[in-house]
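In what follows, a single structure is set out as structure tokens and then discussed.
The values are calculated or read from the model by the stated rules, or taken from the named source; none is laboratory data. All figures in this text were calculated on a predicted structure; none of them were measured in a lab. Every residue, glycine as well, gets a Cβ built from its backbone with ideal geometry; the counts of neighbours run over all protein chains shown.
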Amino acid sequence: MINYLANPNRFLNFIKPIEFSIGVFSFLFIFIGLYLSLFNSPEDYQQGDTVRIMYIHVPFAWFASFLYLSISIASIFFLIWRHPFADIIARSVAPLGLIFSILTILTGSLWGKPMWGTWWVWDARLTSMLILCIFYFAYIGISNAFPRKIDGSKPAAILAIVGMINLPIIKFSVDWWNTLHQPASIIRFDGPSINQEMLLPLVIMLLGFLFMSIFIILINIKTNLIYKKYQSEILKLG
Amino acid sequence: MKPKSQRLIILFFFLTLLGLSTFLVLKSLEDNIVYFYSPTDINKKILSNEIDLSKRIRIGGLVKENSILKKGKKISFKIHDGIDEILVIYNGILPDLFREEQGIVALGKIENKKFSAIEILAKHDENYMPKEVSDMLKKNGKWKGKLN
């Protein structure tokens, strides 16, 4: 399956019929998720209405990390099997991941001011999230730093793999060290510590973000494939 | 050996070394990465003279029950971590979540065994529930969390 789809033309043919429905799904899930989280979910017993920021903050944070993981995995495929399509995928994911990581920090600080009493602290969770954001910047910078874009692929892939070490640090920072950020509420040994009525909108939002990420990444992949074709045509013309 | 498997082995070694070095760095910097010390940590550090009393530090713990004393804008309370406790004095604005048994983080200095804070942040916990649920739990006596 993966081998079959690794060919750009076959890939484009494969996504053509499903692309539109992915877009529709992402719109529907996010629409319903936003409605539930903003209007039809209970206030938190401590946070009141401020809890509603969580419904977008958590998806932003999760997908900022997941997308980085997918960049690193694609980079491993690119470095070892030298598959050019893996590089295209990694490049197509990076801008979205960067935006997500920035929005994670922004929504987090909007929540932090009323709840903690501060916009920003240098605790392990917040700092490792900022480092993820910087890695995204560095990846995008390096992969586009050369006149021939392809020359930046290898160094950028190495950087992406180095940055992978940051992902477990983000996830477990709240368990390993004392942090101001609260520990995990959803993925934990003794089950979620979040009430079902609040978990439902969050799960719908997470699904919406999944579809939205796939949708946007597919568009980016198509753009990058066209750009690559265009560049090779130019080279042919000399 | 095929160049592919060679690259795979190099990558594997590279990742192992990277992981190991990151672990060592984080381990040795542990004291700087922790955002705050617990009262137990602090008292241990005072006893063993590990701490520079002229430097600002952060301590965190739960606000002890019946320990909050207010006198005008001045406030004093004890924070505890279940084992040890320390007296905190503060003069300023408290966060909304501040109350008994609430987790807080205070920034300040230790002055003759008291902690004089210049900033207090509330630490939120990982429990999310509607108000009705928390009320019901309290009514049924199944409330395990905060007191109020």
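Of note:
- Tabulated pairs, the stretch B:7-18, first at pLDDT 90 or above, second not in a helix (DSSP H, G or I), C-beta under 6 angstrom, 6+ apart or interchain: B:LEU18/A:ILE165
- Contact annotation: residue pairs with Cβ atoms under 6 Å, 6 or more positions apart or on different chains, pairing a residue in the stretch B:49-66 that is farther than 27 Å from A:GLN182 by Cβ with a partner that is in a strand (DSSP E or B), are B:LEU53/B:ILE110.
- Residue match in the stretch B:80-94 (condition: surrounded by 15 or more Cβ atoms within 10 Å (Cβ to Cβ) and free of Cβ contacts under 8 Å to residues at least 24 places away in the same chain): no
- Residues that are within 14 Å of another protein chain (Cβ to nearest Cβ), of a type in the set (S, T, N, Q) and surrounded by fewer than 21 Cβ atoms within 10 Å (Cβ to Cβ), drawn from the stretch A:73-120: A:SER109, A:THR118
- Residue count for the stretch A:181-218, restricted to those that are under 13 Å from B:TYR128 (Cβ atoms) and within 11 Å of another protein chain (Cβ to nearest Cβ): 15.
- Summed over the stretch A:154-170, the residues that are within 13 Å of A:ILE76 (Cβ to Cβ) and within 11 Å of chain B (Cβ to nearest Cβ) give a count of 6.
- Among the residues of the stretch A:170-210, the ones that are touching a helix residue (DSSP H, G or I) at 6+ places or on another chain (Cβ under 9 Å), farther than 16 Å from A:THR127 by Cβ and part of a helix (DSSP H, G or I) come to 13 in all.
- All conditions but one from (1) in the same structural domain as B:LYS113 (by TED's automatic domain parsing); (2) surrounded by fewer than 16 Cβ atoms within 10 Å (Cβ to Cβ); (3) out of contact with any Ser or Thr (no Cβ under 8 Å at 6 or more places or on another chain) apply to B:GLN6; the one that does not is (1).
- Taken together, the criteria exclude B:SER54 from residues that are closer than 19 Å to B:ALA117 by Cβ, surrounded by 11 or more Cβ atoms within 10 Å (Cβ to Cβ) and either more than 11 Å from chain A (Cβ to nearest Cβ) or polar (S, T, N, Q) (or both).
- The stretch A:39-60 residues that are touching a residue at least 60 places away in the same chain (Cβ under 8 Å), paired with ones that are crowded, with 21+ Cβ neighbours inside 10 Å and charged (D, E, K, R) (beta carbon under 7 Å, 6 or more apart): A:VAL51/A:ASP44
- The lone criterion from (1) away from chain A (no Cβ under 14 Å); (2) surrounded by fewer than 11 Cβ atoms within 10 Å (Cβ to Cβ); (3) not aromatic (Phe, Trp, Tyr) left unmet by B:LYS27 is number (1).
- Scan of the stretch A:171-180 for residues that are more than 7 Å from chain B (Cβ to nearest Cβ) and surrounded by 20 or more Cβ atoms within 10 Å (Cβ to Cβ), ordered by number: A:SER173
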